[in-house]
Structures are given as structure tokens and as C-alpha cells.
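The values are calculated or read from the model by the stated rules, or taken from the named source; none is laboratory data. Source: prediction; values computed, not measured. Don't worry about glycine lacking a Cβ; one is built from the backbone with ideal geometry, like all the others, and counts go over all protein chains shown.
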Amino acid sequence: MKSSVKLSSILVVGLLVGALLNQMLYDADLDGIPNAEDAFPRDSSEWNDNDSDGIGDNSDIDDDNDGFNDSEDFFPFDPQESADNDLDGIGDNLDPDDDNDGFNDSEDLDPYNDLALKFSFNSVELIDKQNNRQTAPFLFFLYEDNEQLKRFDNAGNPWQVPWQESFNLTAEFEYNVPDNQTFHEFRVVAYFLKFRNSEELDISSSNSSYSETITFDLENKTWNNSNDTLDGSLDDSNDSDDASLILEIEVFNFGYLKSFKWTFQMIEYQFSYTFDPARYSYYVSQTHEIRDYRDYLNFVTTSDSELIEIAGILNDMSSKENFSPLNKINFFLSFTQSLKYSEDNVTAGVGEYPRYPIETLIDQTGDCEDTSALLISLVEILEYNASIILIPEAWDGYGHAAVGIDVTGAEGVHYVLNEGESDEISYYYAETTAPGWRLGEMPDLDSSSAYIYEAK
């Protein structure tokens, strides 16, 4: 009997050794990649070498060996491309229109910038008093050639401007100029309104015209009335309709104009915002490394001026609807959920690429930690308490990130920190990756191992 047991043990050991040898012949480093497909069959931490330089892609900081580190390379596995100025997914070397303004680089006077003008009319003075009233109804227009670009008025009505006094205006207009045309000619026409008709005011220093013409040179980025006064009293026409307008013109990169549209409580909301490309470049250049779960909070940016403006736009929208604090949070959540979900290996070419909120908004896509960092930033700007919720084993070994928010009136799934203490706080679960989830509602996932990290 003892001999039979001993023989059986030998057979088992032999089978185990054989299986191990077979496994080693198939996958020597046990990394799940067959030896035949593994560039580093004896190194479990590496299996691919995109540029064949002997350094595995996981360790290699420049996987295509094009001289640009992966962290700053939009195409880390393509040695022919490294930059994507307009973020359209086509590298600048191949892209015929690198600023995506509709004009091919061959005809674009500035192929990497979509240039625009900002007209700011700061004040007006009606120099010659025309009637016995203390004020006059005033408005003006901006034309390019003979096309009206903008009517300037006070929310659809004329301004009531006192005679012979400087009157402050709120009159701005941004115009995306065609970038294949060197010279652009604009004309400003001003009127004060009488009982039965309107009368054009003289704002030109020329005797031949009441309107003022402004010529902009796109190639040199100059104009003939820079930060100037359009003053009709400077000519010698001796008319009695003189007025002066204080004008400033700013040339800027039209940038990344992004439109957002989403539905909340069966009502459609939308707005557009022009992001500064320099801000995007700044965040792309920052580290995107994660060493610890808590590091995801490094991507929460509550002091960014553009993000503060976005939060203000959303807050104004919700305030106009008289939303309760809870509905305001759900409104912000629905905005975040409207962004397209995509995995990092598709959008960034790497396994893990946590985005800063400005990156997420400009890319208009991201994964769970990206939209979580965005939502935390927005609600923290509004001075709500928020946290990031990290669930390492949410679905079959896949991790997940969500947001916890403390707000009056919330119900449902939540996590209590400092229970029983004076600083006890409840963070209600917010799912940011798919539309329709309200605060306190959680998808079917295993949340038993959740980690909660407060943003403040």
C-alpha cells in the first residue's frame, strides 16, 4: 500500500513538473503573452518593443524613437507623427489643415492658429446736442464689406445716452476672420433715434463719410485704428451730428471652440466656449503619472480660470431654473455625463492617462477618472464638499472611479466618513460615465472595497 501511495505521489509531481515545463515553453515569464509573441519572454514586466530599440514599451519613455517622449507625443507609437495642433486625430505632418479652420495650410496665412478679432466698444459721447431731451436713443452696427456682422444695443433696445457726457458701454464682439485673406475692411455706423426716423452720427475723421472704416491686415496682425477713438469732431465738416466711440481691437487665437449639449429633466441645454490652446498645451505637458490611488486628486483643478468660468456658466443656467441644491448637483452631473466615454488606450495610446479637466472638456471625452476629476473640480468651485470614490474590483477585476458629493436633500447610496464624530460627513455616489444616473444611484457593481479620498 505504501508503495502505491509513493508511486502516485511521484506521478503527481511528474505531472506538475511537466505542466510547468510545458508552460515555460509556452510562456516562460508567465505574463500571459506566448513566447512566440513576447519580445521579452523572460521578463514578466515587458512584452512589446514598438521601436525595436531593446527597451520594452513599459519602460521606454519614447516608444517610437522619434525624439519626443511619450508624455508629450500625441502619437507615441508612430515615428512619423508627434503633434496634433487641432486635436482632430490626424498628425500635423499628414493633416492638410493643422488649425482646422477650413483653409488648407497651403493657403492659410497662419496655418497653426485660427485667428480672430475681438472688438470692444468701451464708451460713447454724443458731442452735439440735438434736442431738448437729456438723453438720446443710441445704437450702432459693425459691417464687413456690406454684410452686417453685429448690431450693438442694450439687450435689443437702444441705449439712453446723455448728451455731451461720456457713457460706458458693454459692447463686445468676437469675429473669426477668414485666414486666407490678407486684408479685411470693417465699417462702424452709429445712429441716434428720433421720433419718426433715425439719424446717422458722424464718428469719422474723414469729411467724406460719417461712418468709420477699419482695415485689418491679417498677415501682419495690424489695423489702422488700433485702440483708438472714432471721433467725428476731428474733421472740419462743421456738421452738428458729431459723436465719438472708444474702440479697442484685440487679435487672438480663436482657439478650441467647443459646443456642449445635453438634456436634464427633459429640457435641452447647450453652450459654447472658446478654450485657450495654451492652457491645453500646459496641462498636456504636466505629469500624468499615478503612483497611489490618492494621486487621482492631483487632477482636480479648482483654481483654473477657464474651469471657473465653465462652472459659472453652469451655475447661472441652474440659477435661472431656480434649482434646489440637489437639483443643481444633478444638473452638473448630467453635464459631465454628456461627455463621451472612451478608454485611454484608444484616445491617448497608453493604458493609463488621467486627464486634467481642461483636457477632458477640450477632448470632449474621457474615462471614469477623467470625468470624476472634472465633476469634483466643478462642484468644489461652487464650494460643495466632494470626494473621489475608487473601487479596485468593480467589475470582474476592472477598477472604477466615481464621485462622492455632500449636498442637502440627497438620498440613496452613500459613504459616511468620521461616523459619530462632530465632523461626520456623507458622500453620495455620483456616476459620471453614462447619462441618466442621479446622485445616490449606483450601477450594478461590487463596491465593497471602495476607497474614499476627500478633495479638501
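What the table shows:
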| quantity | calculated |
| --- | --- |
| Qualifying residue in region 151-159 (condition: modelled with pLDDT of 90 or more, under 30 Å from residue 228 (Cα atoms) and in contact with a Lys or Arg (Cβ under 8 Å, 6 or more places away or on another chain)) | no |
| Filter result for residue 411 (in the same structural domain as residue 390 (by TED's automatic domain parsing), in contact with a strand residue (DSSP E or B) (Cβ under 9 Å, 6 or more places away or on another chain) and not β-branched (Val, Ile, Thr)) | yes |
| Verdict on residue 165 being under 24 Å from residue 234 (Cα atoms) and charged (D, E, K, R) | yes |
| Subset of region 70-102 that is under 19 Å from residue 275 (Cβ atoms) and of a type in the set (Gly, Ala, Ser) - its residue that is surrounded by the most Cβ atoms within 10 Å (Cβ to Cβ) | 83 |
| Some residue of region 43-66 being buried (at least 17 other Cβ atoms within 10 Å of the Cβ) and not in a loop (DSSP other than H, G, I, E, B) | no |
| Count - residues of region 168-203 that are within 25 Å of residue 233 (Cα to Cα), buried (at least 17 other Cβ atoms within 10 Å of the Cβ) and modelled with pLDDT of 90 or more | 11 |
| Elements of type strands (runs of 3 or more DSSP E) in region 113-210, at least 1 residues being β-branched (Val, Ile, Thr) | 115-126, 135-144, 159-162, 167-176, 183-193 |
| Residue match in region 369-387 (condition: charged (D, E, K, R) and in a strand (DSSP E or B)) | no |
| Answer from 407, 416 - the residue that is of a type in the set (A, V, I, L, M), without any contact (Cβ under 8 Å) to a residue 24 or more places away in the chain and touching a Phe, Trp or Tyr at 6+ places or on another chain (Cβ under 9 Å) | 416 |
| Which numbered condition residue 5 fails, given (1) surrounded by 10 or more Cβ atoms within 10 Å (Cβ to Cβ); (2) at pLDDT below 60 | (1) |
| Residue in region 342-350 that is within 29 Å of residue 88 (Cα to Cα), at pLDDT 95 or above and within 18 Å of the chain's Cα centre (by Cα) present | no |
| Residue 334 vs. criteria in contact with a strand residue (DSSP E or B) (Cβ under 8 Å, 6 or more places away or on another chain), of a type in the set (Gly, Ala, Ser) and not in a helix (DSSP H, G or I) | no |
| Region 204-220, residues that are among the hydroxyl-bearing types (Ser, Thr, Tyr) and surrounded by fewer than 18 Cβ atoms within 10 Å (Cβ to Cβ) | 206, 208, 209, 213, 215 |
| Flag for residue 109 being closer than 17 Å to residue 218 by Cα, among the hydrophobic types (A, V, I, L, M, F, W, C) and surrounded by fewer than 19 Cβ atoms within 10 Å (Cβ to Cβ) | yes |
| Subset of region 337-366 [surrounded by fewer than 17 Cβ atoms within 10 Å (Cβ to Cβ) and not in a loop (DSSP other than H, G, I, E, B)] | 340, 341, 345, 346 |
| Sole exception among (1) closer than 25 Å to residue 364 by Cβ; (2) more than 29 Å from the chain's Cα centre (by Cα) for residue 432, by number | (2) |
| Condition met for residue 306 (touching a Lys or Arg at 6+ places or on another chain (Cβ under 7 Å) and buried (at least 16 other Cβ atoms within 10 Å of the Cβ)) | yes |
| Those residues of region 367-386 which are closer than 12 Å to residue 453 by Cα and surrounded by fewer than 24 Cβ atoms within 10 Å (Cβ to Cβ), in sequence order | 385 |
